[in-house]
């Protein structure tokens, strides 16, 4: 995508980027080996793959309509929602991407999503709840994040990875019924089948974990690209604090308890390390922390 | 090389971060918002008789705050709170002097073996409602809030207690205030879970 000059490019976190590509590579290697093993064991994996691929392609091309049907999103015209349209158009123009379709979901849950197979067929949807709760600045930053999913072609990346997960889950079901009802005409016939079944279960879970990791990396990526699109990482961090974290994260504890505890528990040098290891650091908080770094970079040209 | 060396970290000094509170005041002024600091501020630390400087802090404070031509002549008192912590409470109508005295006192404690005992520096402010929330009508009153600077995090966060007991705080106002002070230039703690309270501030 040709990014216009007006958009301020932000530094990528090399750790996140390299881990994302490593995850994608692992997914490729995992399923490559899996396919090979299945073929060697005589499992008709090609046949199953064709069926699943057909379904996946159908889903991929219909994604915007399927998502609209399942969420009850209603496409709105420029006359119906002029402000929302204007806001999305400004962002899309800024980043040099085509104007997506715009939809609204009647729901008090504050949420937003993007879908569609490519930027020319994209849809950005928001709930009435998010429109009510966010300020203009926060909403604009959230829409930048959704447009970033479109610009980064996350629907395609995740459709391909999910295809493999669906394939293994299909095979798992197939093996299961085969073992229950299958004919056992030859004594040795079920051993490779059992191995194939075990391998499939393993690959299913490993693959699922990898795809989840990839989803998280794409989410960080969308925060990053979204910050470039809106030029406002702080607005997105504020929106996340407001809707995803709520106020519950501001603690009940007194600061002085930390000092007393620290005197007995950890050597001071260990505190940061131990605190990181044992804290339940929610991904939302990690996203906010990264966005605040980008905010500082944008404001002062450095990261804190 | 930078690709796998990871991202560059700039570590701001305590003074850079602590003094961002005056950058914040200027930031609000530039936007036409009235923000007024109060006369009192404090440093809270865990007292330890084994540290000679701490044991004789009162004598040192007079020297630190009153001797020399550039002395701020900031008023001071020492108080213990109900949590077993000690406070050096400073009083000065000139906020720049108050800020630099707070830094000087905490720095002296740090330089004399008490760095690990330092918990926080606390400033007290009145913000206009409009400065906190742009949707509020201007001239509709003030929000009284503390800004807590945590030495271990090297950053500030707002604290708006609603009572004396742990947990009693106005989280909604704190969150909005956090956005406002950050935009105005205050080095603000990013992680909300680190916004630990200080109930019963003794000034």
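The values are calculated or read from the model by the stated rules, or taken from the named source; none is laboratory data. From a predicted model like this one, the values you see are computed outputs, not experimental measurements. Glycine gets a Cβ as well: all are built from the backbone with ideal geometry, and neighbour counts include every protein chain shown.
Would you confirm, using the coordinates I've provided, whether residue B:180 is surrounded by 23 or more Cβ atoms within 10 Å (Cβ to Cβ) and more than 19 Å from residue B:42 (Cα to Cα)? Explain how you work it out, then say what you get.
Working: surrounded by 23 or more Cβ atoms within 10 Å (Cβ to Cβ): yes; more than 19 Å from residue B:42 (Cα to Cα): yes.
Spelling it out, residue B:180 is indeed surrounded by 23 or more Cβ atoms within 10 Å (Cβ to Cβ) and more than 19 Å from residue B:42 (Cα to Cα).
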**Message:** So, in region B:83-99, exactly how many residues are out of contact with any helix residue (DSSP H, G or I) (no Cβ under 9 Å at 6 or more places or on another chain) and not in a loop (DSSP other than H, G, I, E, B)?
**Reply:** 4
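Might you check whether a residue that is under 25 Å from residue B:190 (Cα atoms) and modelled with pLDDT of 90 or more occurs anywhere in region B:88-100?
Residues of region B:88-100 under 25 Å from residue B:190 (Cα atoms): B:99-100.
From what's left, modelled with pLDDT of 90 or more: B:99-100.
Within region B:88-100, one or more residues are under 25 Å from residue B:190 (Cα atoms) and modelled with pLDDT of 90 or more.
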**Message:** Criterion first (under 30 Å from residue A:91 (Cβ atoms) and either without any contact (Cβ under 8 Å) to a residue 60 or more places away in the chain or in contact with a strand residue (DSSP E or B) (Cβ under 8 Å, 6 or more places away or on another chain) (or both)) does residue A:225 satisfy it?
**Reply:** no
**Asked** Are there any pairs, at least 6 apart or on different chains, whose C-beta atoms fall under 7 Å, with the first in region A:237-257 and more than 7 Å from chain B (Cβ to nearest Cβ) and the second in a helix (DSSP H, G or I) and modelled with pLDDT under 85, and if so, which?
**Response** A:240/A:284; A:244/A:284
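Which residues, taken from region B:40-64, are surrounded by 14 or more Cβ atoms within 10 Å (Cβ to Cβ), out of contact with any strand residue (DSSP E or B) (no Cβ under 6 Å at 6 or more places or on another chain) and either part of a helix (DSSP H, G or I) or free of Cβ contacts under 8 Å to residues at least 12 places away in the same chain (or both)? Break it down stepwise before answering.
Filtering region B:40-64 down to residues surrounded by 14 or more Cβ atoms within 10 Å (Cβ to Cβ) leaves B:40-48, B:51, B:53-54, B:57, B:60-61, B:64.
Okay, now just the ones that are also out of contact with any strand residue (DSSP E or B) (no Cβ under 6 Å at 6 or more places or on another chain), so B:46, B:48, B:51, B:53-54, B:57, B:60, B:64.
B:53, B:54, B:57, B:60, B:64 - these are the residues of region B:40-64 that are surrounded by 14 or more Cβ atoms within 10 Å (Cβ to Cβ), out of contact with any strand residue (DSSP E or B) (no Cβ under 6 Å at 6 or more places or on another chain) and either part of a helix (DSSP H, G or I) or free of Cβ contacts under 8 Å to residues at least 12 places away in the same chain (or both).
Does residue A:246 satisfy being at positive phi and either modelled with pLDDT under 90 or surrounded by fewer than 17 Cβ atoms within 10 Å (Cβ to Cβ) (or both)? Break it down stepwise before answering.
Values: at positive phi: yes; either modelled with pLDDT under 90 or surrounded by fewer than 17 Cβ atoms within 10 Å (Cβ to Cβ) (or both): yes.
So residue A:246 fits the description; yes.
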**Fill in**
Restricting region B:67-82 to residues that are more than 14 Å from chain A (Cβ to nearest Cβ) and part of a strand (DSSP E or B), the one modelled with the lowest pLDDT turns out to be B:75
**Prompt:** What do you reckon, is residue B:127 surrounded by fewer than 22 Cβ atoms within 10 Å (Cβ to Cβ) and more than 18 Å from residue A:255 (Cα to Cα)?
**Reply:** no
**Request:** Quickly run through region A:30-73 and pick out the residues that are under 20 Å from residue A:194 (Cβ atoms) and crowded, with 18+ Cβ neighbours inside 10 Å.
**Result:** A:34, A:38, A:43, A:45
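Yes/no matrix, rows are residues, columns are (1) surrounded by fewer than 17 Cβ atoms within 10 Å (Cβ to Cβ); (2) within 11 Å of chain B (Cβ to nearest Cβ); (3) at pLDDT 90 or above:
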{"residue": "A:225", "(1), (2), (3)": "no, no, yes"}
{"residue": "A:230", "(1), (2), (3)": "no, no, yes"}
{"residue": "A:259", "(1), (2), (3)": "no, yes, no"}
{"residue": "A:275", "(1), (2), (3)": "yes, yes, no"}
{"residue": "A:279", "(1), (2), (3)": "yes, yes, no"}
{"residue": "A:285", "(1), (2), (3)": "no, yes, no"}
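Answer yes or no as to whether residue A:265 is loosely packed, with under 14 Cβ neighbours inside 10 Å, within 27 Å of residue B:119 (Cα to Cα) and either modelled with pLDDT of 80 or more or more than 10 Å from every other protein chain (Cβ to nearest Cβ) (or both).
On the way: loosely packed, with under 14 Cβ neighbours inside 10 Å: yes; within 27 Å of residue B:119 (Cα to Cα): yes; either modelled with pLDDT of 80 or more or more than 10 Å from every other protein chain (Cβ to nearest Cβ) (or both): yes.
It is true that residue A:265 is loosely packed, with under 14 Cβ neighbours inside 10 Å, within 27 Å of residue B:119 (Cα to Cα) and either modelled with pLDDT of 80 or more or more than 10 Å from every other protein chain (Cβ to nearest Cβ) (or both).
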